[in-house]
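These notes concern the structure reproduced below.
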Amino acid sequence: MSRLLCYTRKPIDNVLYDPKLAYSMHLALQEGELFRPLNHNSGVLFALATENEDGSLNPMSLKNPWVFPLKDGGYGVAAVRVRGDGEDDCTSRGSVLLWTTQDLVIYRELGLLKLGEQYVDWVRAEYDEKRNCYLLCWRERSGCCYQALYPEAMMQEQTVRDGAAAEGSARGGGKPLLTCIVDPENRGNMLGEIPRKPEGEFLRKAGNIEGAEAHCVVEIKEHEAWYLQCKLLPPVNVGVETPQEIRIHISELDGEEKQREQILQTLQKYRAVVRYNDGTFCRKRIDWNLEKADLLRRGNQIIQGEIYRPRFPFPVALNRADPCVARWRGRYYFIATNDADQNHTLYIREADTLEGLAQAQEVLLLDSDTYEGIKGLLWAPEFHEIEGRLYIFHAATPGPFYEEESHIMALREGGNPMNREDWSAPRRIVKMDGTDLCQAGKTISLDMTCFFWEGEYYVIWSQRQFLPKDLGAWLYIAKLDAREPWRLASEPVVLSKPDYGWANNHTFVEEGPYALPAGDRLYVTFSAAAVDTSYVVSYLVIERGKDLLRRENWRKNNYPILTSRSVEGEYGTGHNAYVEDEEGVLWNTYHARPGAEGVRSSGIRRVHFDMDGAPVLDLTEEMDLRESYRQVKTRLALS
């Protein structure tokens, strides 16, 4: 068995670690005498916001979480729900919030369970095998402690959500079988012993974790601990496999030059298998050193090589945010929001290789002076190919910020992406009937992305209503008419709202979506919170065969997968896009700040996929391929 520590953190400040982040459930695994924090010492379980009739959200957080095994496997979590800033939430008065999880990574929020009328300070829970029910213990603000027995249905059925439990008892499984008041210091109470908060030894062992406030320690199975490590820690390169021998038959009818070419082409097909501590792997190119090899001599010889590892020191482009890279007709193109001139121009770069983009010359593509209706705030350009043509989606406005709208530009047939005259004038994206996507002055749209999935083109974008009330930025989805890609082919559907603390931190925003197909799943990563150090990346995921336009078919990850704590020295990571290179390797382009007060700047890092096929965006170059594994050799057998 392994010991798992459940804790929250003390808030630091509004720059490094806010209350909305600190008041979430964190996890750490015991290693020797101490606990090792998971997920970069960031939360993995957050409380959902509640929603008002007008669609606006009330941020929520949690305190004093308690993890306990469920009767039929998996775990339950009980916690006190508070407002986003950690203060009392009147709609949660007398209630606790419940979740279930099978793996301590994906959680299902059940809702509030009504316990009484007074504010609850803490809650403990466990399954009582003898009584075949759950034992709950809690303390009210008055200091009174209670115990109650609840039926199995407490953790099986949906209880009342969004504060409704404050008006009455919870539905389905919410009524206790028996309740009694107890002495919290008396370990032998009528219904059983009160599960205790970790004390002494475990609190001391958690002392190495910055800001940790321990709440419980639960024993989990070894395979569960291993799974948590694989999911909540970045993978690390632990070995490399290369072919022990490469046999090549040389035709005697070919001349020496063709023989050399044949050998080189054959060698280029072989890849090193780079393995990681979570059981995953990736294939990487080998650059063979053939200076001392005799490629005309039949027989065996040892050749050496080096595994190819592109270097992308951060940042690759200063003052460039929301970056996107496309591979088009064998060349690479880079475009991004230009923070250097307050977002009034878009520049494009071209290079033969992905690495070459860092030093490539920039060419002006679009500005806020050339076209009527395009007078400022050029945001988040993205390359997308639709039916064989290259387009750029971006946001623009005729002037005021409150009229920002999603636009599209098309590259003419046979045109050169580096030639601005080969691009059409920006055209506003419209609904199916040709009307504006948003009402100017009241609602804006931006960060539109496009993708092809199961025979259809779709777009997802961020849309924010400011009047009559600011609702924050929500993600919308619709089908796209590929024949007229400035026109939607279905009605817009709300896909996601900033309903977790990490998404409504400093502001209520979800934006920057980008599609990432992976086997039978479609991931859509997106950014959330303000464009400061609170900016993060998380994702939505859906299974192949399900209707993308039905919000309930998507699962939203409960925690971010890229934050200011993911990679040292990179703050406010977000607004990412993906590009596949000529080797078939997938790369993440993103922006971050080189320092908490630094300017938004672009970075590039390889995308890994974990044991479940989910994207990993925090795999640094050092963990991706250890320097000690780069040099390889094999026996070349020529016959």
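The values are calculated or read from the model by the stated rules, or taken from the named source; none is laboratory data. Computed from a prediction, not measured in an experiment: that's the story for all the values here. Neighbour counts run over all protein chains shown; Cβ positions are idealised from the backbone, glycine included.
A few points about this structure:
- Filtered residues of the stretch 547-585 (kept if closer than 11 Å to VAL536 by Cβ and of a type in the set (A, V, I, L, M, F, W, C)): ILE561, LEU562
- In the stretch 73-160, counting only strands (runs of 3 or more DSSP E) that sit wholly within it, the ones holding 2 or more residues that are small (Gly, Ala, Ser) and closer than 21 Å to MET60 by Cβ span 75-83.
Each row is one residue, and each column tells you yes or no for (1) within 18 Å of ASN64 (Cβ to Cβ); (2) surrounded by fewer than 20 Cβ atoms within 10 Å (Cβ to Cβ); (3) in contact with a strand residue (DSSP E or B) (Cβ under 7 Å, 6 or more places away or on another chain); (4) without any contact (Cβ under 8 Å) to a residue 24 or more places away in the chain.
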position: ASP89; (1), (2), (3), (4): yes, no, yes, no
position: SER92; (1), (2), (3), (4): yes, no, yes, no
position: LEU98; (1), (2), (3), (4): yes, no, yes, no
position: THR101; (1), (2), (3), (4): yes, yes, yes, no
position: VAL105; (1), (2), (3), (4): no, no, no, no
position: LEU113; (1), (2), (3), (4): yes, no, yes, no
position: GLY116; (1), (2), (3), (4): yes, yes, yes, no
position: VAL120; (1), (2), (3), (4): yes, no, yes, no
position: CYS133; (1), (2), (3), (4): no, no, yes, no
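- Search result, residues across the stretch 262-279 that are of a type in the set (Ser, Thr, Tyr) and within 9 Å of GLY239 (Cβ to Cβ): TYR276
- Among the criteria (1) crowded, with 23+ Cβ neighbours inside 10 Å; (2) within 10 Å of the chain's Cα centre (by Cα), the one LYS556 does not fulfil is (1).
- Among residues of the stretch 465-484 being closer than 16 Å to ILE444 by Cα and among the hydrophobic types (A, V, I, L, M, F, W, C), the one that is surrounded by the fewest Cβ atoms within 10 Å (Cβ to Cβ) is LEU467.
- Just one of the listed residues (LYS284, LYS269) is touching a residue at least 12 places away in the same chain (Cβ under 8 Å), over 30 Å from MET448 (Cα atoms) and among the basic types (Lys, Arg), namely LYS284.
- Only one of the numbered conditions (1) out of contact with any Asp or Glu (no Cβ under 9 Å at 6 or more places or on another chain); (2) free of Cβ contacts under 8 Å to residues at least 24 places away in the same chain; (3) assigned by TED's automatic domain parsing to the domain that holds LEU516 is violated by ASN553, and that is (1).
- For the stretch 409-451, a residue qualifies if it is among the charged types (D, E, K, R), surrounded by 15 or more Cβ atoms within 10 Å (Cβ to Cβ) and under 18 Å from ARG483 (Cα atoms), and the qualifying residues are ARG427, ARG428, LYS431.
- Lone unmet requirement of (1) over 20 Å from GLU222 (Cα atoms); (2) touching a residue at least 12 places away in the same chain (Cβ under 8 Å); (3) not hydrophobic (A, V, I, L, M, F, W, C) for GLY73: (1)
This table checks each residue for (1) under 29 Å from the mean Cα position of the chain (by Cα); (2) surrounded by fewer than 18 Cβ atoms within 10 Å (Cβ to Cβ); (3) polar (S, T, N, Q); (4) not assigned by TED's automatic domain parsing to the domain that holds GLU511.
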residue: ILE263; (1), (2), (3), (4): no, no, no, yes
residue: LYS269; (1), (2), (3), (4): no, yes, no, yes
residue: ASN277; (1), (2), (3), (4): yes, yes, yes, yes
residue: THR280; (1), (2), (3), (4): yes, yes, yes, yes
residue: LEU357; (1), (2), (3), (4): yes, no, no, no
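- Residues of the stretch 518-541 that are touching a Phe, Trp or Tyr at 6+ places or on another chain (Cβ under 7 Å) and surrounded by fewer than 18 Cβ atoms within 10 Å (Cβ to Cβ): ALA518 alone.
- When the residues of the stretch 338-351 are filtered to those that are touching a residue at least 60 places away in the same chain (Cβ under 8 Å) and within 16 Å of THR589 (Cα to Cα), the one that is surrounded by the fewest Cβ atoms within 10 Å (Cβ to Cβ) is GLU350.
- Comparison of ARG260, ARG247, ARG275 shows that the only residue that is over 30 Å from TYR227 (Cβ atoms) and either part of a strand (DSSP E or B) or aromatic (Phe, Trp, Tyr) (or both) is ARG247.
- Neighbours by Cβ (under 8 Å, 6+ apart or cross-chain): first from the stretch 4-26, within 14 Å of ILE209 (Cα to Cα) and not assigned by TED's automatic domain parsing to the domain that holds VAL567; second polar (S, T, N, Q) and assigned to a loop (DSSP other than H, G, I, E, B): THR8/SER24; HIS26/SER42
- For the stretch 460-486, a tally of residues being part of a strand (DSSP E or B) and within 20 Å of ALA380 (Cβ to Cβ) returns 14.
- Members of the stretch 361-370 that are part of a loop (DSSP other than H, G, I, E, B) and surrounded by fewer than 19 Cβ atoms within 10 Å (Cβ to Cβ): GLN361, ASP369, THR370
- Candidates are the residues of the stretch 27-39 that are assigned to a loop (DSSP other than H, G, I, E, B) and at pLDDT below 95; the one that is nearest to ASN208 (Cα to Cα) is GLU33.
- Residues of the stretch 573-592 that are surrounded by fewer than 24 Cβ atoms within 10 Å (Cβ to Cβ) and either outside any loop (DSSP other than H, G, I, E, B) or aromatic (Phe, Trp, Tyr) (or both): TYR578, VAL579, GLU580, LEU586, TRP587.
- Taken as a whole, the condition of being more than 30 Å from LEU296 (Cα to Cα), touching a residue at least 40 places away in the same chain (Cβ under 8 Å) and of a type in the set (A, V, I, L, M, F, W, C) applies to ALA614.
- All positions within the stretch 3-26 that are over 24 Å from PRO69 (Cα atoms) and assigned to a strand (DSSP E or B): ASP13, TYR17
- Condition check for ASP88: modelled with pLDDT of 95 or more and over 17 Å from ASN558 (Cα atoms): yes
- For the stretch 610-630, the count of residues that are over 30 Å from ASP13 (Cα atoms), modelled with pLDDT of 95 or more and part of a strand (DSSP E or B) is zero.
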